[in-house]
Each structure stands twice: as structure tokens, then as C-alpha cells.
1. Non-local amide H neighbours of residue B:71 (under 5 Å, H modeled in plane, Pro and chain starts lacking H): which ones?
2. What does the charge count around residue B:152 come to, taking other residues whose C-beta lies under 14 Å from its C-beta (Lys +1, Arg +1, Asp -1, Glu -1)?
3. Please express the shape of region A:20-109 as an equivalent ellipsoid: the semi-axes are the square roots of 5 times the eigenvalues of the C-alpha gyration tensor, given largest first in whole angstrom.
4. How many percent of Cα pairs in region B:84-161 exceed 16 Å?
5. Taking 50 Å² as the minimum loss, tell me which residues in region A:188-202 lose that much accessible area going from the chain by itself to the full protein complex (1.4 Å probe).
6. Project the alpha carbons of chain A onto their principal axes and report the range along each, largest first, in whole Å.
7. Based on Cα positions only, what radius of gyration and what Dmax would you give for region A:120-161, in angstroms?
8. Run the numbers on chain A and let me know its relative contact order in percent, using alpha-carbon pairs under 8 Å that are six or more apart.
Amino acid sequence: MFKFYLVFPILTLLLITTAFAQTNSMGFMTARDVLHSDSPSNIYLQNNRGSTVTVYGLYVRQYASVEPGQNCTAPEVMYSGVGNITAGAFVAPVAINAGKRVAIGSNYLYNMLYTANYYIQITIPSSPPGCQLPGCTWGSDMHTYNWCIYLGALAPNSNSSDYTASVPPAADAASGVGYNYNLISSYGYLGPISCDDQTLTCTVETQQTQAFS
Amino acid sequence: MNKLKNSLLYVCLGISLVVNAQAQEQDDSASAFMTGRDIQANATSNISITNGAGQSVSVSGLFIPSFDATTVEEGDCSVCTGGIVGGDNMGGTIVSPVIIGANKAAAIGQNYLYNMIYNGIYYIRNTVGSSPCQLPGCSWPGDSTDRRWCLSINATSLNASYTYSHYVRAPNPPAAAPAYGAAGSSVPIQFDYNYDLINPNTLGVANACLGPVTCNDQTLTCTVATPQSETFQPWS
């Protein structure tokens, strides 16, 4: 009879542990994202290659704004992907299996936009107006925007002997003479992204995926 | 009937214990400045933030007010002077809500710390304009490969018991953290706010100067050799 009593707790343990593992897969996440896996950003990165790829970081390749309620068909560009700059980079090694996609956490995404704003303010202050904070609630933010971005993904594609790091420096070019860290070759806007400066999260309403192949 | 009651009691107890254990695990993760990679690898940098304030405090993020560099040979981080950059500006910020219990310490993950330094270097390059290294691990071409970092780290919060912000812009309440690169606190002349949990005047002197920090640009991690902590407490 005693064995019978043990079966239930052990079974319960297995079920809960399994559920926890399933709902907390480690994509591009902060600890906050892992604990709140029920509130993802709804943005994913997908590996369309035939083998597992380790992605070493994400960045905001192109950053544009729209009025709340508008879609991302014709946003106002704050900086263009033509510059190939890794603004808003948040780096962490994440292995993505062939044909699979991984989630980007809503707090992880917030941090990307948070630092990309700094790049704009310092490097291209003459760009179209954006916000100091992703949610546009800093004191000098006079207007609320939503965001449309090209999502960049980093991993060494080809290196010269001089470039042995897994990622380039923050806000430097993602590719240059002798190196290439860009995994993605074809970009489409993700968004509109809305952000909350209280919870430090950014989300899109429905699931959207950027793929690399 | 009694057997059935006993069976149910054991089952409920088992479930309670397991759920409690699971909740405890989540609390541990919640109390840490970690990326998913850090949690998965259970990889702490050996640096932590200690809550000496006597009650639970909600922290919204960390930043690096001062950067110094030492050499591998000297390995001296006894004092942080802000030799590369100093002040109360939020370079190297990562924002993420973490609750730290009274007299508890929250670990900083290896990859989390790497990202702080990675962004902090960009902040340096746009303020004083010169960093001995372009990447935290000093492996970018032209980097001074023998350098290691000495840091002070501050924490931000809107907890009114220890910080304050009068910066209200109706209809929005104050944000959970200042903008990247802004000051951690600002006197009434401009915005009149204070998000700093640690008095900036004590950082690196009365509070710990952290390091030497060694980073790896292949694994995107940073560590110190022995446990070190930065402590916040009520401002005096």
C-alpha cells in the first residue's frame, strides 16, 4: 500500500517537470521571459537550413515607426538596414534545429529596442522622431509610436584569421572586409510592435516569424 | 474509508510538496539577472547584487557606472576610479524585473554580464571615445588582449522606500527605468528623479570595485575568479 502512496507524488512530479520544461524552452530569453512564457513577444526566428545552426545574437537591423493602429506596410524609417549596423544587439548562443523556430522573449525584445534607441540618439539624432524609451513614456517622449523592425541574426558565416569572435562589436557593421556575421539575406518588417515601460516588454499581436536559409 | 482518506491525504501532500518545490525553483530564477543561456547552463559570473535594505525590493535593471581596466599581470581592481568612463550614466544597462528578498543576493549570469559590458563598451565609445577593447573578451582586431575589466555596478528601481521619481508625465506614470545612457538620478533642475538603489558616491569606494572580469568572445560569457557582490541599502 505504501508503494501506492508514492506513485502519485512521483507521477505528479514527472507531469509538472515535463510541463515546466515544455513551457520554458530557452530561446532568446531573459529570466523574466522564462518565468512568463505565457506572455511571449510573438516573434520567432526560424532555421530553414538542413542542419542545426547556433545563432549568437540578434539585432535591430532596420528601425521604423508607425502611428498606433497602423500596420508596417509604409512605416517611417529611423535608420536603414543599408548601413548593416548591429544596433540593439543582444547576444546569447542559441542552437536552432533544422526546420525549427525559437521564440524571442518580450523582455529580450524590449532590451533590443532600448539600446537601439540609444544608437539613434547618439549616432543619428537627425533621424525622424522616435522615443527615448520603447514604450514612449520617458519625460521627453512627446508622442507614442509603435515599431516596425528588420530582425538581424548573428553567427560567423565566414571569418578571416583576424576575426575569431562569435559576434562583432556593438553597433559596428555586421559584415565587412574579411568577415560576415549576417545569417539572414532576405528581410521583411516585423510589427507593429508595442512596448510597455512598466513591465519592460515588447510584443506583436499575432505570431510573426523571420527565417534564415 | 479511512484508507481512502489517507490515500487522498498522501496524494495532496505529494502534490503540495512538488508544486512548492517547483515554485521555489521559479523563485530562484526570478531572483537572478540571467539570460536563458545562463539558466540553461546554470552559469553565474560569481558577481551578485545583495539587498541590504531590510525588505524585499523590486529591481528593474542593472548598469555599469564606471569602467576601469587592469592587466592580466597586475590583476588589481582594488579601487574603481572610472579611469575609462565614470559617472552616474546608465551605460551597459540591461533592464529586467527581478525581486530580491531582504538580505538576499541575486546572481548575475555570465552571459548577462557579457551583454552589460558589450553594450557598455559602445557607451564608452560614444562618450569618452576610447576603449582598450571593442569586445568584452578583447579578441577583436586591434584590442589590447592583456586587459581585464574593473567595474562598479548599480541597480535601478522605482521602489519609493529607497528611490523616488517626481517625473510624472500625465497620463503616464514614471517608467520602470530611465532611458539608456541617461543619468540614474537627476537633480530637480531637470527631471527630478532617482532610480539608483546604490548611492553613486559610494560606488567603487565604500562599495565593491568588481573584478578583474575576464570575458570570452566565443562563448559570450564573463566571470570573476572568486565571489563578489555589490550591496544596496537605504540611503543615509
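1. B:76, B:148
2. Numbers: positive: none; negative: B:68, B:88, B:196, B:230.
Local net charge: -4.
3. Values: eigenvalues 124, 62, 32 Å².
The equivalent ellipsoid of region A:20-109 has semi-axes of 25, 18, 13 Å.
4. Working: 1712 of 3003 pairs.
The calculated P(r) of region B:84-161 puts 57 percent of pairs beyond 16 Å.
5. Listed by number, the residues meeting the 50 Å² cut-off are A:198, A:200.
6. So the extents along the principal axes, rounded to whole Å, are 76, 47, 26.
7. Values for region A:120-161 (Cα only, Rg and Dmax): 15.6, 48 Å.
8. Details: 460 pairs, mean separation 58.3, N = 213.
Value for chain A: 27 percent.
The values are calculated or read from the model by the stated rules, or taken from the named source; none is laboratory data. Everything numeric in this text was worked out from a predicted model, so none of it was measured. Glycine also receives a Cβ, built like all others from the backbone with ideal geometry; neighbour counts cover every protein chain displayed. Each accessible area value is taken on the protein alone, full model and side chains, heavy atoms only, with ligands, DNA and RNA left out. Shrake-Rupley method; radii C 1.70, N 1.55, O 1.52, S 1.80 Å.
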